[in-house]
Amino acid sequence: MGPTWKTKYGNRRVRHDPPTLAEAIEAAKDITDDPQAMAEFAASLMGVPVEEARAAVLKAGAKRSRLPAPTVAFTSRAGAQRAVVVERKRTVPRMLDRSSWQRT
């Protein structure tokens, strides 16, 4: 656990979870597509040997390749165009009548 301090509502603690190698690999995937570069990047982030990171990158890549590829299907009728109409209902602020502001 992290540091503890007192507030008027009681003791507060901050939980500190160090990053994992899997998170470093996910960050490396966003930067490069080359598995060797991913392994080097993740190893430098985590301070582990490149061989260990390379094995984890290959394992993560194998898991990812087993997933079915996402399919996108577009359906439309021939000659028909789709239209989206957005109607906005405008609200007008109501003004109060000063004659109703009578003191009692």
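Laboratory data are not the source of any read-out in this text; all were calculated from the coordinates shown. Just so you know, these numbers come straight off a predicted model, no measurement behind them. Note that we place each Cβ from the backbone using ideal geometry, even for glycine, and neighbour counts take in every protein chain shown.
The table for this structure:
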quantity: Every residue from the range 1-31 that is among the hydrophobic types (A, V, I, L, M, F, W, C) and loosely packed, with under 10 Cβ neighbours inside 10 Å; calculated: Met1, Trp5, Val14
quantity: Val48 loosely packed, with under 13 Cβ neighbours inside 10 Å and under 30 Å from Pro3 (Cα atoms); calculated: no
